[in-house]
Amino acid sequence: MAILITGGAGFLGSHLAKRLIDAQKEVVIFDKNPKKLHLKEASEKVTLIKGDVANLRALEKVCEDYQFEAVFHLAALLPPNTEEDPYKAFKVNVEGTLNILTIAEKYNIKNVIYPSSATVFGPDRTPPFTEEDLRDPWTFYSSYKICTEIIGSIYSKKFQLNFRAVRFPVVVGPGRNPFLGITKYPTQMIEEAVKGKPYVAEVAPDTRVPIIFVDDAVQILINLWRSKDIQFEIVNVDGIWVTAQEIAEGIKKIIPTAEITFKPAENEHVQQILSGVQKHKQEGVATFRGERMLEEILNEYISRRKEEKF
Ligand SMILES: NC(=O)c1ccc[n+]([C@@H]2O[C@H](COP(=O)([O-])OP(=O)(O)OC[C@H]3O[C@@H](n4cnc5c(N)ncnc54)[C@H](O)[C@@H]3O)[C@@H](O)[C@H]2O)c1
């Protein structure tokens, strides 16, 4: 049986595809822009299908051609695109997810793994949060994440699907588009330093956000699929909490010529996301925490970028 990755040509999807291929899995990527796939060695071993998750018929056709044991549903629009065109984003992010759940039920795909976002808690509240805490987002993007988490939970109860939504903090790693997402500055700092360009971060140096390395995020997606005994649909993921200053200093240890300065924007707090987990529902059954600390994240990221693996 194969594994379907929607949005598999994107940042998280490419890394996930590589990991699954290394584990000898048959991987089918369904993406509106499949040519984006970063991992050259992966592109020869996956089946790439160009298509739109908002098109139910196109998804049905794929399910008629392949038999899937799991779908990792990663196709989505990210900010600022979601905020600039909320109607289009609703179609892709909400209707697209409903379509995935529909095909999962119709074609007996038992596992649907879905990255939600720690931004569901909003920028105005104090972490840490439990999964049930009040969600108070400020963006269309995050409101659509909440909506789809709920739709997934309903499918899970109604049709005995294993729907698992994982609320990631800021995922960093090679291959991430530095212009997408609510919290962009960690990626932009690293990318500009690698290119030898000066960078002005529009945040205060003491701004703290939780980050997770992409390899750890991928491992968590796989754990969620593999852990048969997890009894819940939605899980928070904790990252390591780092200030913008700490990231800049870490980069300078590896690239001493990096020029990073700070000029906080007026709406700086919108750049911050809040996450954090006090207690997992099933602590001990699985780990939902990134393992890599800042130094390791920066070393891995920068060395892979320099080797031009992306
Ligand atoms: N990167 C992060 O920090 C982060 C954090 C939390 C959650 N997430 C979630 O993880 C998922 C993947 O994010 P990413 O960072 O890899 O983003 P990305 O933009 O790199 O990847 C998204 C992929 O979806 C594809 N896509 C967009 N619209 C589509 C459509 N209509 N039909 C089919 N494919 C379509 C894009 O072509 C792209 O390849 C998203 O759901 C995102 O919300 C990401």
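Computed from the coordinates by the stated procedures, all read-outs in this text should not be read as laboratory data. All figures in this text were calculated on a predicted structure; none of them were measured in a lab. Counting neighbours? That spans all protein chains shown, and the Cβs are built from the backbone with ideal geometry, glycine included.
Structure data summary
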read-out: Rounded to whole Hz, the Karplus (6.51, -1.76, 1.60) HN-Hα couplings of region 4-16, x for glycine and proline; value: 9, 10, 7, x, x, 8, x, 4, 5, x, 4, 5, 5
read-out: Cross-link partners of Lys157 among aspartates and glutamates (Cα-Cα below 14 Å; sequence separation of 8 or more within a chain); value: Glu105, Glu149, Glu233
read-out: Amide H contacts under 5 Å for Ser117, placed H, 5+ residues apart; value: Phe168
read-out: Taking all pairs of distinct alpha-carbon atoms in the chain, Kirkwood radius in angstrom; value: 19.7
read-out: Residue exposure sequence - Lys263, Lys145 - by fewest surrounding Cβ within 10 Å; value: Lys263, Lys145
read-out: Shape of region 1-156, Cα gyration tensor, a/c cut at 1.5; value: prolate
read-out: When each of Lys35/Lys91; Lys35/Lys195; Lys36/Lys110; Lys36/Lys306; Lys35/Lys228; Lys195/Lys263 is checked by Cα-Cα distance, pairs over 31 Å; value: Lys35/Lys228
read-out: Most mobile listed residue (Leu56, Leu134, Leu161) in the chain, GNM with C-alpha springs under 10 Å; value: Leu134
read-out: Principal-axis tilt of helix 244-254 within the chain, Cα atoms, nearest 10 degrees; value: 80
read-out: Estimated Rh, region 91-239: Kirkwood, alpha-carbon pairs, angstrom; value: 16.7
read-out: Distant-in-sequence amide H partners of Gly8 (H built 1.01 Å from N, under 5 Å); value: Phe30
read-out: Semi-axis lengths, Å, region 1-71, gyration tensor of Cα atoms, sqrt of 5 times eigenvalues; value: 18, 14, 9
read-out: In degrees, nearest ten, helix 294-306 long axis to first principal axis of the chain (Cα); value: 80
read-out: Cβ-based exposure ranking for Ser116, Ser153, in which fewest neighbours within 10 Å come first; value: Ser153, Ser116
read-out: Distant-in-sequence amide H partners of Thr183 (H built 1.01 Å from N, under 5 Å); value: none
read-out: Helix axis angle, 140-159 relative to the chain longest principal axis, alpha carbon, degrees; value: 30
